[in-house]
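The values are calculated or read from the model by the stated rules, or taken from the named source; none is laboratory data. For clarity, every value in this text was computed on a predicted model and none was experimentally measured. Cβ sites come from the backbone with ideal geometry, for glycine too, and all protein chains shown count toward neighbours.
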Amino acid sequence: MVRRVLVQNRFLAEVARMLSEGCSVKVRIDGESMYPFIRGGSDEVELLPYATSQPLKRWECALFKWKGRYMVHRCIDIRNGMYRMMGDGNLAQIEEVPEDALIGILNTIYHPDGTTQDCRDVRWLVRGRRWYRWRALRRFLIPIFRRLGWGECR
């Protein structure tokens, strides 16, 4: 069962409620913290409920709650039961969250041109790992990508 909801980031509490009820949810993401992989305001994402029976892996993306805010970021590491999360568009901020803060798993990105991206595809996860390793260059690459109108790192 997939429910389609278009909301701004501040309404992700409702998305979290639907995920906790076992529904998959399709949402248009509002922020830019996942650019260039997700373009805020235009790309839609499908989130699946998080299941502890299938723990989040490195380089997968999840919806989680951190310091009272809901975010969709990439898992860059797992240490001592804590998931280290970072947005692809962020330069330095890393959120450390326990497993019980994870709410949903990013499954699919729907781009405005009709293309989709399977967010559990190994190639996409490898691109996420590579982008993380280039984080020192993000300060320069992100403005260039925006100027050129590039979305996802393909």
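Looking at the stretch 50-64, which of the residues that are surrounded by 17 or more Cβ atoms within 10 Å (Cβ to Cβ) and not hydrophobic (A, V, I, L, M, F, W, C) is farthest from ILE103 (Cα to Cα)?
So in the stretch 50-64, the residues surrounded by 17 or more Cβ atoms within 10 Å (Cβ to Cβ) come out as 50, 56, 59-64.
Retained after the next criterion (residues that are not hydrophobic (A, V, I, L, M, F, W, C)): 50, 60.
Values: TYR50: 5, GLU60: 13 Å.
Within the stretch 50-64, the match that is farthest from ILE103 (Cα to Cα) is GLU60.
In the stretch 122-151, how many residues are within 19 Å of MET85 (Cα to Cα) and outside any helix (DSSP H, G or I)?
The number of residues fulfilling the criteria is 1.
In this structure, is VAL15 assigned to a strand (DSSP E or B) and among the β-branched types (Val, Ile, Thr)?
On the way: assigned to a strand (DSSP E or B): no; among the β-branched types (Val, Ile, Thr): yes.
When the stated conditions are applied, VAL15 does not pass them.
Can you tell me how many residues within the stretch 89-100 are among the aliphatic types (A, V, I, L, M) and surrounded by 18 or more Cβ atoms within 10 Å (Cβ to Cβ)?
The total comes to 1.
Hey, among the residues in the stretch 8-54 that are more than 30 Å from LEU141 (Cβ to Cβ) and of a type in the set (Phe, Trp, Tyr), which one's modelled with the highest pLDDT?
Looking at the filtered set, the residue picked out is TYR50.
Just one of the numbered conditions (1) more than 16 Å from the chain's Cα centre (by Cα); (2) surrounded by 11 or more Cβ atoms within 10 Å (Cβ to Cβ); (3) hydrophobic (A, V, I, L, M, F, W, C); (4) not in a loop (DSSP other than H, G, I, E, B) is not true of ILE105; which one?
(1)
Just to be sure I understand the filter: pairs with C-beta atoms under 7 Å, separated by 6 or more residues or on different chains, first member in the stretch 4-20 and surrounded by fewer than 18 Cβ atoms within 10 Å (Cβ to Cβ), second member part of a loop (DSSP other than H, G, I, E, B) and modelled with pLDDT under 55. Which pairs pass?
Matching pairs, first to second residue: GLU14/VAL7.
For the stretch 65-88, name all the residues that are surrounded by fewer than 20 Cβ atoms within 10 Å (Cβ to Cβ) and part of a loop (DSSP other than H, G, I, E, B).
LYS67, GLY68, ASN80, GLY81 - these are the residues of the stretch 65-88 that are surrounded by fewer than 20 Cβ atoms within 10 Å (Cβ to Cβ) and part of a loop (DSSP other than H, G, I, E, B).
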